[in-house]
Amino acid sequence: MDIDLEGIVIIVGNYGSGKTEVAINLAVHQRQTGKDVRIADLDLVNPYFRTREVKDALTERGIDVVLPPEKYLQADLPILSPLVSGMIRRPSGLTLIDAGGDDAGATVLASLADSFKDKTIQMFQVVNPFRPFTETIEGCLKIRDEIEGASKLRITGIIGNANLIDETTAGHIYDGYGFVRKLSNKSGLPLLCIAVAVNLLDKIDTKRFSCPVLCLERMLTLPWM
Amino acid sequence: MGKVLMKGNEAIGEAAIRAGCLNYFAYPITPQSEVAEYLSKRMKEVGGLFLQGESEVAVSYMLFGAAACGERVFTTSSSPGISLMSEGISYISGAQLPVVFVNIVRGGPGLGGILPSQGDYLQATKGGGHGDYKLLVMAPASVQEAVEMVMTAFPLAEKYRNPVMIIGDGLIGQMMEPVEFPDHLKSEPTNKDEWAANGMDTRKSDTPNIVKTLHLDPKILNELNLTLKAKYERMKQEEVRYEPYNIDSDYQVLIVSYGTMSRVCRTAVDDLKESGFEVGMIRPKTLFPFPEKAVREAAGKASCKVVISIELSMGQMVEDVERSVLGQRPVEWYGMCGGDIPTPEEVMDAVKSLV
């Protein structure tokens, strides 16, 4: 039961669902299997904790990171690098797109509609049921509809990311898995994987899950850690 | 209800609702816009009101008006927005109205940058607007503490009939931590009848409450200023909050630091302790009133050779630290204010270089 992605893969979800952390870790994981991996930071709405903060760590691992020009990296301006549309038109290996949060963050995807035309695209919704607005199945479905409306694309699967950061317990992971299973049944969307922090792995019985587990190494850390 | 994972900005918005505040006026600005985003959804759910003003100046007078009517009301902004509100803050202070302000500080001066800063220390604690007024200023170091400070800010603002400001740097607004909303911090305004201009019938009173800031008679204006001064003195007696850290050790250096910066300092104190170098820390939780006595006593400890103020500003807190230390020890400064936050290693080097 492994995660095997290729082509264009877009990561969406509500604010703070852990999209960026999941996207980065997916990139690293898929790179380790020997694929060519590119990741584009399309988060134009959130000014902090973006893929751009771990550019060097990703580049060292052989992952191609597509960002706005250097001088605008710390700006809260909606700058979309022209490299992004180019990379979508000519995808190779795995092309990961880390979109911004909510429908507002997904709006930028609609502006790439021309580039997406005739391409097979997978778009995954990251869900953390311990976050506001996604603690119910209805809340998650509402966000799915809003993101699909804004992006003009269909969500094709779910990634479970139940966590309370440092305070996550095995119980949270099991509850979170049950939640995304239910969401998957209700929405008809397949569950790609669930994310589990590396330090929790030995406390978890992964045989309880019928989907792959993405081992999550926290890369967007705080300055006192 | 269990804990939820929230961004500081979202948690601040939710905390206000849980405290019983259903009126929010604001204007978006990075890095605090998520408060408005969050409350634009949540206020509808709880039957409250979010109104986006046409500018921060307009917002400050919406707050004035709502507070004058006896409504719990608050706003959030970031540095340049607070500068624009400063006129209204002075008026609100002069009219003795309870309003809660949250400043998620970004780098300055001018437009500066959108990354974390503590460069509004002086603006918050020494004025900003005109006239003899002071704000009660609290500075959280975690998302949970931001929640608790927002929830306590409303009754404090009413107790003193004075604006309260919560000042957090950009990281406090943007980072996510697990939080809960303590039920015991929910409160109701108790002294509304003393000041709210909400109708004689409602208050069952014969004397109208007049809300105004124009006092042309010098004696009356002087009286008002004496009343305000007495309030600030009372705050100094009753509202000082701080957290001592590693203060029982025989520390050679005393750090004074608050907010996000204090969390980096805490890691540095722990790491230095492991290498046998003892450092104490006082973390002010209220910036006005400043924990003068705690800093003075901690600086006076026999083992302490030097005091250092560590901030995300160019030493704006140093004067308050010096004022507290009263010349017993030299007072130094270390910090940055471009948006980067010093690492624990950089803090350790700065501290070690002092002795």
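The numbers here are math on the coordinates, done by the rules we state, and not lab data. What you see is a predicted model; the values in this text were computed from it and never measured. Note that each Cβ is placed from the backbone with ideal geometry, even for glycine, and that neighbours are counted across all protein chains shown.
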Original post:
Just from its helices, what would the mean residue ellipticity at 222 nm be for chain B, if runs of 4 or more DSSP H residues each count -39500 (n - 2.57) and the sum is divided by every residue, rounded to the nearest 500 deg cm²/dmol?
Top reply: -13000 deg cm²/dmol
**OP:** Please tell me which of these pairs span more than 30 angstrom C-alpha to C-alpha: A:55/B:7; A:55/B:126; B:7/B:231; B:134/B:293; B:293/B:352?
**Re:** A:55/B:126; B:7/B:231
Subject >> Neighbouring partner chain Cβ atoms per residue of A:216-223, average, 10 Å criterion >> reply: 3
Subject >> Highest average packing first - B:14-21, B:255-262, Cβ atoms within 10 Å >> reply: B:255-262, B:14-21
Original post:
By its C-alpha gyration tensor, with a ≥ b ≥ c as the square roots of the eigenvalues, how is chain B shaped: rounded for a/c under 1.5, else prolate for a/b larger than b/c, else oblate?
Top reply: prolate
**OP:** Have a look at A:11, A:97, A:63 and tell me which one the Gaussian network model of chain A (Cα, springs below 10 Å) gives the largest fluctuation.
**Re:** A:63
Subject >> 10 Å Cβ neighbours from other chains, averaged over peptide A:130-137 >> reply: 4
Subject >> Separation between Cα centres of region B:68-132 and region B:225-291, rounded to whole Å >> reply: 23
Subject >> Kirkwood-based Rg to Rh ratio, region A:52-172, C-alpha trace >> reply: 0.98
Original post:
Using a simple charge model, +1 on the beta-carbon of Lys and Arg, -1 on the beta-carbon of Asp and Glu, nothing else, what dipole does region B:76-177 show about its Cα centre, in debye to the nearest 20?
Top reply: 220
**OP:** Taking the Cα centre of chain B as origin, sum charge times position over the Cβ atoms of Lys and Arg (+1) and Asp and Glu (-1), and report the length of that vector in debye to the nearest 20.
**Re:** 680
Original post:
So which aspartates and glutamates can residue B:301 reach, going by Cα to Cα under 12 Å and dropping same-chain residues fewer than 8 places off?
Top reply: B:248, B:250
**OP:** Could you tell me how many degrees, from 0 to 90 and to the nearest 10, lie between the Cα long axis of helix B:79-94 and the main elongation axis, the longest principal axis, of the Cα atoms of chain B?
**Re:** 60
**OP:** Using a 10 angstrom cutoff on alpha carbons, build the Gaussian network for chain B and name the most mobile of B:157, B:230, B:146.
**Re:** B:230
Original post:
Taking the Cα centre of each part, how many Å lie between region B:1-57 and region A:1-72?
Top reply: 30
Original post:
Using alpha carbon centroids, what distance separates region A:186-225 and region B:186-218, in Å?
Top reply: 56
Subject >> Long-range tail of P(r) for the protein assembly as shown (Cα pairs > 44 Å, %) >> reply: 23
Original post:
Using a Förster distance of 51 Å, how high is the FRET efficiency between residue A:72 and residue B:184, based on the Cβ-Cβ distance and rounded to 0.05?
Top reply: 0.65
Original post:
With labels modelled as points extended 7 Å from the Cα through the Cβ direction, what inter-label distance (nm, one decimal) is found for residue A:187 paired with residue B:132?
Top reply: 6.1
**OP:** Could you check which residue among A:139, A:34, A:13 shows the biggest mean-square fluctuation in a GNM of chain A with a 10 Å Cα cutoff?
**Re:** A:34
Subject >> Full-extension gain in nm, residue B:52 to residue B:230, via 0.36 nm per residue minus C-alpha separation >> reply: 60.6 nm
Original post:
Got the relative contact order for region A:113-214 handy, in percent, Cα pairs under 8 Å and 6 or more residues apart?
Top reply: 26
Original post:
In debye to the nearest 20, how big a dipole does region B:111-241 give about its Cα centre with +1 on each Lys and Arg Cβ and -1 on each Asp and Glu Cβ?
Top reply: 480
**OP:** Grab the Cα-Cα distance for residue A:2 and residue A:60, subtract it from 0.36 nm times how many residues apart they are, and report the gain in nm with one decimal.
**Re:** 18.5 nm
Subject >> Label-to-label distance, nm, for residues given as residue A:225 and residue A:205 (7 Å Cα→Cβ offset) >> reply: 2.9
